[in-house]
Structure formats: structure tokens, C-alpha cells
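Here's the structure we're looking at; comments come further down.
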Amino acid sequence: MAVMTHAEALVEAIRECMDEDPNVALVWGSLMGVGGNNEHVDHIKADFADRIFHPPISEAAIAAVATGAAMDGVRTIFPMGTASFMFRAWDQIIHEAGAAHYMSNGAVSIPVVFHVVHGLRGGGSVQHSQSPQSMLWNAPGIEIAMPSCPADAKGLMRTAIKSNNPTVFIDHQKLNKRSSEVPDGSYDIPFGVADIKREGGDVTIVAASLQVVHALEAAETLSTGGIEVEIVDLRSLVPLDEEAILASVGKTGRLLVVDEAPPRCSVASEVIATVAEKGMDLLKTPPVRVNRLPVHVPANVVLEDYVGPNTDRIIEAAKLLCH
Amino acid sequence: MDKGRLLDIFRHMMLIRRFEEAVYDFHEQKLFGGHYHLYIGQEATGAAVMASLRGEDRIFSTHRNHGHLIARGVDPKNALAEILNRADGTNGGRGGTFHLADASAGMPHTSALVGGSVPLAAGAGFAAKLQKSGGIGVSMFGDGCFEEGVVFETLNLARMWALPVIFVCENNTPGAVLKSAGGNNTSNLPEGRVIQIPEALGMECHEVDGGDAEAVDSLFADCATRVRETGQPIFIEALTERWPGNYFSFPSRVTGITQVSMAWDGSSIAGEYEDWFRNHDPVLRFARQLLDRGVANSGDVAGIDVEVTETIEAAKEFALSSPVPGTDSVYAHVLAGEG
């Protein structure tokens, strides 16, 4: 086990896949939003110079070029930077990458990875803070991964690159510099397998990405007050590990879902709807969602923190749910 | 030659420079976070363009917007308060450095997305045409915008629908060496000129030295008059110098606090940025022009600097004492009519 940052683990996955498969290509912009961690990717630049392309500011064109190349088996990783920027390529992601397999009656597949950095990043204001996960989830044909830690980031990125479907890999700016242990060697983490990040019997918190970190912090505090939290880290939204969610709710009887998208039609809405359909009898009390408030993200960081889901709001919601 | 007009343009350039130096200090002091962009080195273009615009005109800017607002006459107090995300900011603290805008000054919205504001300016031209307001739309944007498809669509549309718009491309592109190093996202256009794109659409096109305030003023004044008369769009490529502090992922004030005395006393100019001070810094260039032409003497120029520096000092105090917006304010204005 080596301790790595989230960014390093992602780069490691990309390096391994580029090494293993000559069909893997990389669009080289602000890779993964890693910013100050760019030294981690210098060796990729040197080793795979013929498969790396420096982009102009042309999200739509590049998304569609990567999709077109995917039709001939080139597996392009396209880091789009801030998730807000992917709206500029919405048509290409939803209507081309996400639909080509279906429209060809299965003849064509689109192995492409769109990597974005979502969420409240500290002063990003309205146009640099989007959380597009639930909008994407409403579009058929796209896999969605949302890791919360370096070890998962690496294994999920390897799966995303190898997948024959278009994948949107949703990271968070605030995860990039966090570090923890990553298993040695190459390993894949399949999509659709949630991970229980903490076991507990009183309340289930379902989350993904940075909100798992917040949930873990909240769980520590709640535990001192006698509330034991079980945390289900979804890791991928498509496919969704319904069994893991239902199993945990079966154990605790209480459900809280945390998500950075605004509440209506969010990840939280969908998880709760799923439990309502398939496990209504498991619930002892109505489920609760903790989302970004249904407003735009103000530039002021005090207000930004106020509109976002955070540890305090999770603690407050969990307490209400349990009492 | 209208001396008052030239001095007014210089005053705005100097005001922008001192404003941006204050913004830099605020960021260094961690009074606001995140990424930001300064207008240092491009003051001549912004100040000269605004000199010909009227109240009914609409101007749309970008992530590099501070100088455009100051040149347009927005109070530096409110602009600086916005950069600190305070309640008295132009956007009530919710926009921040990327989105400074002031509808009362004819700058209704600032998109930070590359190319995002270019079609909005054409929309202002469209409204002016329909409403016969006599106003025009002005789009201030960078050369990197030509990498986005919506910019081509907008130029084509403005020509096709004959919209009264002036597209001012402030080309601050890095030189060939930096481009080939691949280290900067801006302007990876291949060889060739962005001006060829509107030319191909049959649009009236001009290029101008964007560091020469008088040249920009004279060209833009002429273009503004013509757009108002003909209703046809015009494209201007202002070739600006890239400020050496703008080569990094965050601005770096490598050229220090501007010493306006360098305009008449070259003895202190030396070192790595000597060429910048002697030949490129638009504030110093214009100051020298004013002196050479007898529009002002060194005392006049120094006096303007003192005056604008005082204005910025007062603006800093105002911004720092402006309150953080209350948390309940986040719900306001999601939809119109809800208060």
C-alpha cells in the first residue's frame, strides 16, 4: 500500500491503461483540474507523446471527435475541467456519445471517458460550480462514476477507460489533494458495486464523491452522541447498486441521502424513489435528502458554504431522523 | 486634437492600473479566493473604446472584465466590493471577479465562459435594432474565443441580420514560443489570423495597435459612428501586448507597482522587464505621448496619478468595510417577481 493523493491515483490509472493499450489516447488540457499536481503527469507526456493532444477551448468539437474516434476503437480520455464546461458539449455527450450505440442497434460502441470536476470549489461562483450528475443520470446510455477516495478513483478510472460505454467520470476539486492508501499494482473496481465506508445500525447515509467525506466526518460526531451511521458510497450512479442501498436500509430503517446537486430531480431524489419503490416497508421513518439549496452558487464563500451540503447539515439531518 | 478627451482616457487607464494593483494586493492578502484575471497591459483598448460609447449602448465583457467596468464609469468602490464578494458589490457579492456587471451602466451580465458573452452583445444589437434605441452592442472578448463555435455563429448571424454590433477582439495572445511550448490554453489557433474569419463573412474589419490609446480611440470613434448610421456590424482586432505578469496560472505582479515617472525619467528603468517599461506598458506609452504632444506636462500626469490613487484608496476602504451578504439572501432572485 502506498499513500497517494486522489490526483496521483487517477494519473496512475491513466498511465497504466495507456501502457496496457495502445488505443488509449488523452486530450491534454487542464488534466483532471489537478492544477498544482501537474508534475505527476509529466512522465505521461514524455512516454506517450504521440497519443496526447493539446486542446483548444473547444469542448463540443473535442467531445464529438473523441466520440467519432471511439467508433473505431480509440479510447479517448477527455478531461473537460470544471463540470460547468461540459454543458458546452451537452449535445455531443447526450445525443452522439450517449446515443450512438442505441441508434446503431448495438453495432457501434463508444468507449470514451469525459472527466469533469464538479461542485463547490471555494469561490467558483455560478459558472464554475456545477454538479451535473443528476442531469446526466436522466440521459440513457452513459455510465457515471463518482469516486470519493484515491483507491476508488484509481480502480474506477481503469474501469471507465476499459468500458465500452461512454463514461462521465465526476471528480471534485476538493478531493484532488486528499491522500490515503492505494493498493499496490493494477486493479479494477467494477461499476455498480457500492462500498460500505462505515458500518452502523442507526441510520444509512447514501452519498458519493466529496459528500462521502462529509458523511464520514458527520458519522464521527454522531457516534459520540450515540448515533451509529452506516455509509453507503455509491461509487457509480450508472449502474446503481440498488441491493447495497436496500440491504443497508433494511438494517437501519432510516435513510439520509447527501448530494451536491439541487434537490429536485437529484441523485438524492432518485435514490429515495428507488427505496420507496422497492423497500418502502424497510423504512421506519420518512427519508431525508440533504442537497445544495435550490439556488445558484454565490461567489461569496460564506454563502457558498451555506448553500452546499456540509458536515453540519448532515449531522443536523441525521439527528432529526433518529429522534 | 481634443486634449480633454485624451486626458480623460488617460485618467481611466491610470484608474484601471491602480485598481488592478489593489485587486492583486487583496488576493495576496487572501481577502478573496479562487482564480482571477487582471486587465494590466490592456488598459488602452478598454479606456479608448468606452470613450465613444453612450448610455444607450450595451457592453459585454469576459472573465477579464475589471478594466471594462472601470473604463465605463462604474464606481471602483462597488467593483472592488464585488471582487471581495461583499453586499455593496456590483452584483451584491454573488458574482465575484469573474462576473462583475452593472446593468445601470449598460453592462447587464458578464459571462466567464469563453465566448459566452459574444452572442449576448449581438443580442443587445438585435434589441437596439428592434427598439430603434440608437444604441449599439459592443462585445469585448479575447482571441481565445475563436476556439469556441458560438463565436463564429454569432459573427455570421450579426452579418446576416445586419445587427449594430462592434466586436472588439483584444488579442493578447502569447507569442509563437509560448504557443509551441503548449503550456498555455489560450490561442492555440494554427498560423493565420483570427481577423480572417469575419473577413470571410464580408464584415468590415480593422486591426489596430491595442496598446496605442489614441489609435484605438480614433478608429473606434469612427466605427461607432458608422455602425450607428449603417446598422452593420464591424470587427476590430486590437493587438494588445501580453503583460509579463500574465504568463502564469495566477497573475504575478512581476513589473511591480507602476511608477508613472518612468514616462519622463528613464534613468530608473532596468532589469528583466526593461523592454516592457520602455516600449510596451500602455500606461507609460500614453503618458509619453501626452508629454510629447504637449497635451500634458509631467506635473499633470503625476497629478492624475495622485487623484486616481486616492480614489482607489477610498474604494479599498469602502470595499473592506462592506458587509458580507446575509445567508438568507441566497434565496433572492432565483426567479423574477419573488423579491
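The values are calculated or read from the model by the stated rules, or taken from the named source; none is laboratory data. Quick caveat: nothing in here was measured; it's all calculated off a predicted structure. In this analysis, Cβ positions are derived from the backbone assuming ideal geometry, glycine residues included, and neighbour counts consider all displayed protein chains. Calculation scope for accessible area: heavy atoms of the full protein, side chains included, ligands and nucleic acids excluded. Shrake-Rupley method; radii C 1.70, N 1.55, O 1.52, S 1.80 Å.
The table below gives the values:
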| item | result |
| --- | --- |
| Helix-derived mean residue ellipticity, 222 nm - over chain A, DSSP H n ≥ 4, -39500 (n - 2.57), to 500 | -10500 deg cm²/dmol |
| Whole-Å semi-axes of the protein assembly as shown's equivalent ellipsoid (Cα gyration tensor) | 47, 28, 24 |
| Selected from A:Ala46, A:Ala145, A:Ala99 as most flexible by GNM, with chain A as the system and alpha-carbon contacts under 10 Å | A:Ala46 |
| Antiparallel DSSP beta bridges within segment A:1-126, percent to nearest 5 | 0 percent |
| Space enclosed by the convex hull of the alpha-carbon atoms of segment B:293-339, per residue, Å³ | 127 Å³ |
| Relative contact order of chain A, defined on C-alpha pairs under 8 angstrom at six or more residues apart (%) | 17 percent |
| Only Lys, Arg (+1) and Asp, Glu (-1) charged, at Cβ; segment B:205-261 dipole about Cα centre in debye | 300 debye |
| Inter-chain Cβ neighbour average for residues B:318-326, partner chain, 10 Å | 1 |
| Cα-based Rg of segment B:225-339 normalised by 2.2 N^0.38 Å, two decimals | 1.60 |
| Euclidean distance between Cα centres, segment B:309-339 to segment A:192-256, Å | 39 Å |
| Gyration tensor (alpha-carbon) shape descriptor, chain A, a/c threshold 1.5 | prolate |
| Per-residue HN-Hα couplings for segment B:82-92 [Karplus 6.51, -1.76, 1.60; θ = phi - 60°; Hz; x = Gly/Pro] | 5, 4, 8, 6, 9, 4, 8, x, 4, 10, x |
| GNM flexibility winner over chain A from A:Phe53, A:Phe114, A:Phe78 (Cα, springs under 10 Å) | A:Phe53 |
| Subset of B:Lys3/B:Lys77; A:Lys45/A:Lys177; B:Lys132/B:Lys316; A:Lys162/A:Lys251; A:Lys197/A:Lys278; A:Lys162/A:Lys197 violating a 31 Å alpha-carbon distance limit | B:Lys132/B:Lys316; A:Lys162/A:Lys251 |
| Pairwise burial B:A, computed as accessible area of each alone minus the pair, summed, 1.4 Å, Å² | 2300 Å² |
| Summed side-chain charge close to A:Arg313 - residues other than A:Arg313 whose Cβ falls under 13 Å, Lys, Arg +1, Asp, Glu -1 | -3 |
| Selection from A:Ala25, A:His95, A:Gly106, by position along the positive dipole direction of chain A (Cβ) | A:His95 |
| Loop GluC sites (Glu not before Pro), segment B:277-339, which have at most 13 other Cβ atoms in a 10 Å radius of their Cβ (DSSP) | B:Glu338 |
| Shape call, segment A:114-183: gyration tensor on alpha carbons, a/c limit 1.5 | oblate |
| Overall Cα dimensions of segment B:6-48 - principal axes, largest extent first, Å | 36, 14, 11 |
| Dipole-positive endmost among B:Val308, B:His37, B:Gly96 within chain B (Cβ charges, Cα centre) | B:Gly96 |
| Highest to lowest packing among B:290-302, A:123-135, A:308-320, A:149-161, scored as the average C-beta count within 10 Å | A:149-161, A:123-135, A:308-320, B:290-302 |
| GNM result for chain B, Cα springs below 10 Å: residue of B:Ser139, B:Ser268, B:Ser322 fluctuating most strongly | B:Ser268 |
| Translational D in µm²/s for segment B:63-142 (Stokes-Einstein at 4 °C, 1.567 mPa s, Kirkwood Rh from C-alpha pairs) | 100 µm²/s |
| Average silhouette area of chain B, convex hull of alpha-carbon atoms, in square nanometres | 17.7 nm² |
| Given charges at beta-carbon only (K, R positive; D, E negative), |dipole| of chain A in Debye | 700 debye |
| Nearest-20 debye value, segment B:1-150 charge dipole, Cβ charges on Lys, Arg, Asp, Glu | 380 debye |
| Peptides ranked, highest mean first, by Cβ atoms within 10 Å: ranges A:188-200, B:102-114 | B:102-114, A:188-200 |
| Computed over chain B: relative contact order in percent, which uses C-alpha pairs under 8 Å that are six or more apart | 22 percent |
